[in-house]
Amino acid sequence: MLYFIEQCLNGVQLGMLLFLLAAGLTLIFGIMDLVNLAHGSLYMLGAYFAATFAEATDSFVIGAILALAATFVSGVVLEIIAIRPLYGRNHLDHVLGTFGILIFFNDLVRLIWGPAGMTLSLPSEMLNAVQVIPGIYYPVYRLVIIAVSLAVGALLYFTVMRTRLGMLIRAGASNREMVGALGINIKLLYTLVFGLGAALAGFAGLMQAPILMVQIGMGENILILAFVVIIIGGVGSIRGAFVASILVGLIDTIGRAFVPDMLRSVLNASGASTLGPALASMLIYVLMAGILVFRPEGLFPAATR
Amino acid sequence: MIRPMLLGSAVLALVAMPAMSQQKTVKIGFVSSFSGPVAVIGNDMRNSFELGLDHVGRKLGGLPVEVIYEDDEIKPDVGLQKTQKLIQSDHVDFLVGYIWSNVMLASLPAMVDSKTMTVITNAGASQLAGDQCSPYVFSTSFQNDQVPAAVGTYMNTKGIKSVFLMAPNYTAGKDMTTGFKSTFKGQIVGEEYTRWPDQLDFSAELSKIRAAKPDAVYVFYPGGPGVQFMTQYAQAGLKGQIPLYSGFTVDDLSLPRLKDLAVGSQSAMMWVSDLPNDTNKKFVSDYKAKYKTLPSFYGADTYDAVALLNDAVTAVNGDLTNKEGMRKEMEKANFKSVRDGFKFNNNHVPIQNFYLEEARKDDDGSYSLHTLSTIVKDDQDAYHTQCPMK
């Protein structure tokens with residue numbers, strides 16, 4: 001039982017990270033109607049910025065804050081230069097355009113930082129595990145990820161639902177022209193939303209960096225998961241992204257933890273160890289397919305957002 | 001009148017062919033990984049190969065050398081494509097390199113079918129040592145099973161009763177656990193394979209290790225993923241609780257990044273930078289002078305490939321079409337290796353010693369691996385009997 005709880009914590013931690021990424025993706029898609037494949041590149045940029053700044057300042061926290069600002073600025077610049085011409089076009093153009101941006105960023109990073117990748121080391125007090133409840137030890141840093149992501153999620157929810165900026169964002173999503181006609185600078189609003197999405201992606205990247213490698217293409221695998229999350233959660237819904245992230249994180253982790261063992265009881269050992277990991281990584285796609293068949297608009301359709 | 005002249009010149013041209021081939025350059029195709037999380041390995045191999053060429057005056061058997069480096073992107077299909085390109089459009093005389101067992105196995109038929117003389121400098125798939133061995137393919141590295149088997153032998157002497165195994169889910173990962181089980185006498189309490197190369201978060205597996213409470217853990221995670229594994233092992237608070245043994249995970253490339261996280265960790269290897277023979281001393285000190293860092297075993301095996309090829313081309317007087325002659329010479333292992341007592345087995349895989357090595361922090365603040373003892377002497381891989389070559 002304790003083991004199961006520990007695996008659930010692992011799942012929630014992965015889910016939180018996915019939420020940071022999916023929230024930005026779903027905001028951009030829901031409000032600006034833009035399919036952004038380059039979201040993973042901003043995730044990668046966040047990690048690279050954090051590794052660079054942390055090395056320069058010798059502090060993880062300062063590095064992270066600087067990286068957050070740098071990714072926000074990168075997002076704003078990217079929106080002004082490359083994303084604006086894509087508004088109002090169809091989704092295929094978005095996919096092609098942002099896919100080009102993704103390739104561009106991979107090579108840009110290769111030019112600036114080299115092909116080898118970087119590591120972002122943690123302060124030594126985070127290099128340990130603490131007892132969460134009696135019998136369960138959990139890595140401090142992963143707890144930090146859960147806590148910080150929850151805080152960011154709450155802040156995001158508050159901003160969108162309770163502030164004037166959030167009201168404008170929601171209004172812009174329902175009727176772009178009308179908001180413009182009321183004298184709101186909708187262009188600036190879009191740039192801000194894109195920058196916010198970029199900062200969220202960069203934040204996910206820099207939080208993940210000490211656990212994983214900082215490397216070229218690091219955003220691509222996780223972007224696929226983020227898309228699965230927004231399809232399950234309902235496109236454009238932050239609440240949906242939150243619930244679906246945790247769902248996907250839990251299913252992926254618990255699948256990895258238990259499917260190989262379950263297979264071992266029906267198959268021989270070598271067959272199970274080959275099939276197990278493959279089957280476990282399929283589970284979330286099975287869930288997505290199920291959602292698409294029975295509830296194509298997702299768990300929390302954007303209309304009820 | 002024109003006809004006989006034409007015929008005559010054609011005959012002349014044919015006669016002149018071997019003479020002309022003596023003037024040409026030796027073309028070498030080098031396949032390794034130069035991008036992504038394992039690019040450090042490819043760079044180390046390239047650096048060592050370049051240093052080896054410097055040491056022979058950038059000539060093999062007196063012929064100038066041209067090397068074409070290709071990136072396999074850790075993907076078997078890309079590796080095969082690059083191998084075919086090197087064979088078919090660059091017409092290389094030799095193929096060198098290959099880190100990954102699955103990439104090498106995918107490219108193997110292309111090497112063998114085209115009868116291209118090949119020196120594998122890392123990938124040690126059991127198939128290559130066994131029934132897929134080839135007269136044209138040599139390995140200067142090892143067979144995958146040998147390293148974990150040596151670690152298993154050592155762990156028996158430490159009185160370790162239960163072990164948890166972890167490796168990536170691909171060819172070499174399977175070899176690693178098979179090799180370990182072939183010598184380890186205690187109980188295997190868990191065995192996990194993770195997606196390769198994209199799974200870098202091991203949280204679920206680390207929780208399993210904690211729940212299984214083994215005496216020790218043995219893992220195989222080469223390149224960047226190894227750094228991630230060691231870091232996460234420490235983050236999970238397992239370091240210091242359950243001793244961690246590894247193979248191909250803590251090496252001279254990952255150690256400068258792992259630093260204190262790896263100090264004290266032990267493994268087995270057929271080469272360590274402090275091996276006291278003269279060839280190795282020259283290799284290590286020149287490498288340090290040129291690249292400001294220590295070479296790894298990947299580099300050591302690749303450095304040996306230059307000496308092996310130089311010997312082969314010298315033996316046939318630069319006649320690169322004489323593959324039989326080159327093969328016979330290479331089988332004698334008549335070159336000065338960075339390892340003592342280097343011999344080839346019937347399957348063209350080395351017979352060599354495996355040493356116990358430990359990661360330490362040196363007095364000058366840098367980190368390096370030190371040889372502690374010899375675990376097995378003149379070790380032969382378990383698959384050589386399946387190889388039909390005599």
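The values are calculated or read from the model by the stated rules, or taken from the named source; none is laboratory data. None of the values given here were measured: they were computed from a predicted structure. So basically every Cβ, Gly included, is an ideal-geometry build from the backbone, and we count neighbours across all protein chains shown.
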Determine which member of the set A:224, A:251, A:231, A:238 is modelled with pLDDT of 85 or more and out of contact with any helix residue (DSSP H, G or I) (no Cβ under 7 Å at 6 or more places or on another chain). A:224
Among the residues of region B:231-249, is there at least one that is farther than 19 Å from residue B:151 by Cβ and of a type in the set (Ser, Thr, Tyr)? yes
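What helices (runs of 4 or more DSSP H) completely inside region A:1-112 contain at least 3 residues that are away from chain B (no Cβ under 14 Å) and touching a His at 6+ places or on another chain (Cβ under 8 Å)? Spell out how you get there, then give the answer.
On the way: elements: A:2-32, A:39-57, A:60-78.
Filter on region A:1-112 gives A:2-32.
Can you confirm whether region A:95-104 contains a residue that is touching a Phe, Trp or Tyr at 6+ places or on another chain (Cβ under 9 Å) and surrounded by 14 or more Cβ atoms within 10 Å (Cβ to Cβ)?
no
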So, residue B:37, is that one within 22 Å of residue B:103 (Cβ to Cβ) and buried (at least 24 other Cβ atoms within 10 Å of the Cβ) or not? yes
Test residue B:200 against the criterion of being part of a loop (DSSP other than H, G, I, E, B) and within 14 Å of chain A (Cβ to nearest Cβ), and give yes or no. yes
Every residue in region B:370-387 that is crowded, with 20+ Cβ neighbours inside 10 Å and in a loop (DSSP other than H, G, I, E, B), please. B:381, B:383, B:387
Write out, first by first residue and then by second, each pair whose Cβ atoms fall under 8 Å of each other, whose residues are 6+ apart or on separate chains, and whose first residue, in region A:281-302, is within 9 Å of residue A:232 (Cα to Cα) while the second is part of a helix (DSSP H, G or I) and charged (D, E, K, R). A:300/A:239
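Any idea which of A:188, A:200 is more than 18 Å from residue A:236 (Cα to Cα), more than 14 Å from chain B (Cβ to nearest Cβ) and among the aliphatic types (A, V, I, L, M)? Before you say what the answer is, go through the steps one by one.
Details: A:200 fails: more than 18 Å from residue A:236 (Cα to Cα).
The unique qualifying residue is A:188.
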Considering only region B:165-197, how many residues are at the interface with chain A (Cβ under 9 Å from one of its Cβ atoms) and touching a Ser or Thr at 6+ places or on another chain (Cβ under 7 Å)? 4
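Could you tell me which residue of region B:370-383 is nearest to residue B:293 (Cα to Cα), considering only residues that are in contact with a Leu (Cβ under 7 Å, 6 or more places away or on another chain) and in contact (Cβ under 8 Å) with a residue 40 or more places away in the chain? Break it down stepwise before answering.
First, the residues of region B:370-383 that are in contact with a Leu (Cβ under 7 Å, 6 or more places away or on another chain): B:371-373, B:375.
If we keep only those that are in contact (Cβ under 8 Å) with a residue 40 or more places away in the chain too, we end up with B:371-372, B:375.
Numbers: B:371: 18, B:372: 22, B:375: 27 Å.
The residue in question is B:371.
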Matching residues, region B:204-233, being small (Gly, Ala, Ser), buried (at least 22 other Cβ atoms within 10 Å of the Cβ) and within 7 Å of another protein chain (Cβ to nearest Cβ): B:204, B:207, B:224
Among residues belonging to region B:346-369 that are outside any strand (DSSP E or B) and without any contact (Cβ under 8 Å) to a residue 40 or more places away in the chain, point out the one that is nearest to residue B:176 (Cα to Cα). B:362
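Hey, can you tell me all the residues within region A:236-262 that are over 21 Å from the mean Cα position of the chain (by Cα) and within 12 Å of chain B (Cβ to nearest Cβ)? Explain how you work it out, then say what you get.
Step one: filter region A:236-262 for residues over 21 Å from the mean Cα position of the chain (by Cα), giving A:257-262.
Listed by number, the residues that qualify are A:257, A:258, A:259, A:260, A:261.
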Can you work out which of the residues in region A:113-136 that are surrounded by fewer than 14 Cβ atoms within 10 Å (Cβ to Cβ) and part of a helix (DSSP H, G or I) is nearest to the other protein chains (Cβ to nearest Cβ)? A:124
Exactly one of these conditions fails for residue A:218: (1) crowded, with 24+ Cβ neighbours inside 10 Å; (2) more than 14 Å from every other protein chain (Cβ to nearest Cβ); (3) among the aliphatic types (A, V, I, L, M). Give me its number. (2)
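Results for (1) among the acidic types (Asp, Glu); (2) over 19 Å from residue B:368 (Cβ atoms); (3) in contact (Cβ under 8 Å) with a residue 12 or more places away in the chain; (4) surrounded by fewer than 24 Cβ atoms within 10 Å (Cβ to Cβ), shown as yes or no for each residue.
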position	(1), (2), (3), (4)
B:281	no, no, no, yes
B:296	no, no, yes, no
B:299	no, no, yes, no
B:324	yes, yes, no, yes
B:335	no, yes, yes, yes
Of A:276, A:271, A:290, the only residue that is surrounded by fewer than 16 Cβ atoms within 10 Å (Cβ to Cβ), in a helix (DSSP H, G or I) and within 13 Å of chain B (Cβ to nearest Cβ) is A:271
